[in-house]
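Asker: Please read through the structure below; I'll follow up with questions.
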Amino acid sequence: MHPFAYVAPKTVSEAVSVLAEHGDRARPLAGGTDLLVKARANVWDLDAVVDVKNIPELMSLSINGAGLSIGAGVPCCQVYEHKDIQEQYPGIIDGASIIGGIQIQSRAGLGGNLCNAAPSGDGIPALIAYSAVAKISGPNGNREVAVEDFATGPSRTVLENGELLTSIEIPKPAANSGAAYTRFIPRNEMDIAVAGVGVFVQLDSEGKKFESARIALASVGPTPILAQKAGDSLAGKPVNDESIASAASLAKDAASPITDMRGTVDQRKHLVEVLTGRMLNQAIERARG
Amino acid sequence: MTTNSPSKVHITTTINGQQHELLVPGYMSLLDTLRELIGLTGTKEGCLDGNCGACTVSVDGRIVDSCLVLGAEVDGKEVDTVEGMASPDGLHPLQQAFLEEAALQCGICTPGFLVAAKGLLDNEPSPSEDRIRHWLAGNLCRCTGYDKIVRAVQKASS
């Protein structure tokens, strides 16, 4: 591991200035569960790591009438232990509670999951399904990016030199809505998704028709994917097996996986179809309460 | 804020109830800080990438893989390792149960399992078998096949 300096700023602007000074030879440190593995494997040669956990706004977790705000450094365990998040954002819990084991969940967070930009990031599809937005601070001020646009390739993001993800903002879910995420892995725990599907549905007040839906996929492309056509196909449709099967088929079409040690193209596309159907049913059940 | 040289970081941390003041290189893991600077070699190095849990310690009551934490990050925090489990009066109930149930063979994973299991029982004194297996999924053992470990944790549960 290349020796690096440890910097622990207390404000976003200090963090941004250190990151800007070092370019790609500095990285923000939140949970460290990807960063320290990559530094040790010399994937990254770093001169500095910038621990963001002493910056109050990156560690804040708040939920109110406008929605849920998750600071970029907040670990998964704080998210899934939060009673209000459990009640109002079950799809977020589905993802946050299966990233790694308990030791990893004590440290790793959804912000880091997003910045690590693995196609398989289990925290990401539900965020996309909930229409979450990433808040970014940088040398030229602040900006917001839709979570589905955040990753630009494996381990690549929209973050430019000196920019720092500060929080993830998730709008308050509409009435009669529900969400869910699951992945397929050959083990029970501690594995990387062969395929993952997160969905959000909003139903009419009687729970019989889809008002809108968003479907997002993991591990079946170079980045997590918003399957826009699949979700849009449900708007105005009755809640029945036919609508669900048709959306699942469109989600399958949106997947562009590769064959690797974890699965083949055909298996992954099939999984997307099956998991989309299951997650739509689960989200519908949750929407109906 | 200068970051030109990877200089050492001054930290004050409480390890197994005892306060330590240390100068740690910024890139040194908590695992190496414990083993090499403090001499607490009970915490073991396994995979060094967060899969095996052999290096599990507790930081402010949460179990973590100490290979994926920097020593500099535990400034002001409370770290508990396997060395802090037994009391002068005897072994911790989990340690006793691991002995009685023969929940170890080579022993390299044992400190990690003990600290992880303590993290569970401290908050949930009577977990189900499923809960124990789920909680310990981040700890690997290549000898026992896990059944004996799960039985030992059940025995130490109230």
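Read the figures in this text as sums done on the coordinates, not as results from a lab. Quick caveat, the model's predicted, so the values are computed rather than measured. Please note: Cβ atoms are built from the backbone with ideal geometry, for glycine as well, and neighbour counts cover all protein chains shown.
Asker: Each residue of segment B:63-77 in order: what ³J(HN,Hα) in whole Hz does its phi give by Karplus 6.51 cos²θ - 1.76 cosθ + 1.60, θ = phi - 60°, with x for Gly and Pro?
Answerer: The phi angles translate into 6, 9, 7, 6, 6, 10, 10, 8, x, 4, 6, 9, 4, x, 10 Hz.
Asker: For the residues A:Tyr80, A:Tyr89, what sequence is obtained by ranking on other C-beta atoms within 10 Å, fewest first?
Answerer: Starting with the residue having the fewest Cβ neighbours, the order is A:Tyr80, A:Tyr89.
Asker: Right, something else. Quick check: from the Cα gyration tensor, does the protein assembly as shown come out rounded (a/c under 1.5), prolate or oblate?
Answerer: Working: a/c = 1.97, a/b = 1.34, b/c = 1.48.
It comes out oblate by the Cα gyration axes.
Asker: Here's something else I'd like to know. Pull up all non-local amide H partners of A:Gly123: gap of 5 or more, or a different chain, and H-to-H distance under 5 Å with H placed in the peptide plane.
Answerer: So A:Gly123 has HN proximity to no qualifying residue.
Asker: If you find the alpha carbon centre of segment B:62-111 and of segment A:229-285, how far apart are they in angstrom?
Answerer: Rounded to whole Å, the Cα centres lie 44 Å apart.
Asker: Here is a further query. Place a label point 7 angstrom from the Cα of B:Lys8 along the Cα-to-Cβ direction, then list the residues of segment A:3-18 whose backbone nitrogen is under 18 Å away.
Answerer: What the label zone holds, given the 18 Å backbone N cut-off, is A:3-7.
Asker: Additional query: Just to confirm the number: angle between the C-alpha axis of helix B:110-123 and the first principal axis of chain B, 0 to 90 degrees, nearest 10?
Answerer: Tilt relative to chain B: about 80 degrees.
Asker: Another question about this same structure. With θ set to phi - 60°, apply the Karplus curve 6.51 cos²θ - 1.76 cosθ + 1.60 along segment B:147-158 and write out the HN-Hα couplings as whole Hz, x wherever there is a Gly or Pro.
Answerer: Karplus values, whole Hz, x for Gly and Pro: 4, 5, 5, 4, 4, 5, 5, 4, 5, 7, 6, 9.
Asker: Run lengths n ≥ 4 of DSSP H only: what is the helix-derived mean residue ellipticity at 222 nm for chain A, with -39500 (n - 2.57) per run over all residues, to the nearest 500? Provide the component values of the computation, followed by the final result.
Answerer: On the way: 11 runs with 95 residues, N = 289.
The helix contribution divided over chain A gives -9000 deg cm²/dmol.
Asker: Related question: If each residue's Cβ is checked for other Cβ atoms within 10 Å, how do A:Asp34, B:Asp89 rank with the fewest at the top? Could you put the intermediate results ahead of the total?
Answerer: Numbers: A:Asp34 24, B:Asp89 5.
Fewest to most other Cβ atoms nearby, the residues stand as B:Asp89, A:Asp34.
Asker: Could you sort A:205-216, B:7-18, A:189-200, A:276-287 so that the peptide with the highest average Cβ count within 10 Å comes first and the rest follow in order? Before the final figure, lay out each step's value.
Answerer: Numbers: A:205-216: 19.2, B:7-18: 15.8, A:189-200: 25.4, A:276-287: 21.3.
Peptide ranking by packing, descending: A:189-200, A:276-287, A:205-216, B:7-18.
Asker: Also, I was wondering about something else. Output wanted: per-residue J couplings in Hz (rounded whole) for segment A:32-49, from phi through Karplus 6.51 cos²θ - 1.76 cosθ + 1.60, θ = phi - 60°, x for Gly and Pro.
Answerer: x, 6, 9, 4, 6, 5, 5, 5, 5, 7, 6, 5, 10, 9, 10, 9, 8, 10
Asker: Pairing the Cα long axis of helix A:241-254 with the longest principal axis of chain A, what angle in degrees results, from 0 to 90 and rounded to the nearest 10?
Answerer: Computed tilt is about 40 degrees.
Asker: Kindly state, to the nearest 0.05, the FRET efficiency for A:Ser155 paired with B:Asp89, given R0 = 51 Å and r defined as their beta-carbon distance.
Answerer: Values: r = 51 Å, r/R0 = 1.00.
Result of the calculation: an efficiency of 0.50.
Asker: Still on this structure, please answer the following. Would you list which lysines come within 28 Å of A:Lys135, measuring only between C-alpha atoms, while excluding same-chain residues fewer than 8 positions from it?
Answerer: Excluding near neighbours in sequence, the set is A:Lys10, A:Lys38, A:Lys53, A:Lys83, A:Lys172, A:Lys229.
Asker: Here's something else I'd like to know. Near the amide H of A:Ala118, under 5 Å away, which other amide H atoms are found, from residues 5 or more places off or on another chain, if H is placed in the peptide plane?
Answerer: The answer is A:Ser155.
Asker: Return the long-range amide H neighbours of A:Glu211 (sequence gap of 5 or more, or a different chain), with a cut-off of under 5 Å between placed amide H atoms.
Answerer: The answer is A:Gln202, A:Leu203, A:Asp204, A:Gly236.
Asker: Round to the nearest 10 and give me the degree value, 0 to 90, for the angle of helix A:12-22's Cα axis relative to the longest principal axis of chain A.
Answerer: 70 degrees
Asker: If you count, for every residue in B:136-145, the Cβ atoms of partner chains within 10 Å of its Cβ, what is the mean? Present the calculation step by step, with values, prior to reporting the outcome.
Answerer: Numbers: counts 3, 9, 9, 4, 2, 0, 0, 0, 0, 0.
Partner-chain Cβ atoms within 10 Å, mean over residues of B:136-145: 3.
Asker: If we count other beta carbons within 10 Å of each Cβ, what is the order of B:Cys67, A:Cys77, fewest first?
Answerer: Arranged by neighbour count, lowest to highest, B:Cys67, A:Cys77 become A:Cys77, B:Cys67.
Asker: Continuing with this model, one more query. Could you give the distance between the Cα centres of segment A:134-149 and segment B:118-158, to the whole Å?
Answerer: Centre-to-centre distance over Cα atoms comes out at 42 Å.
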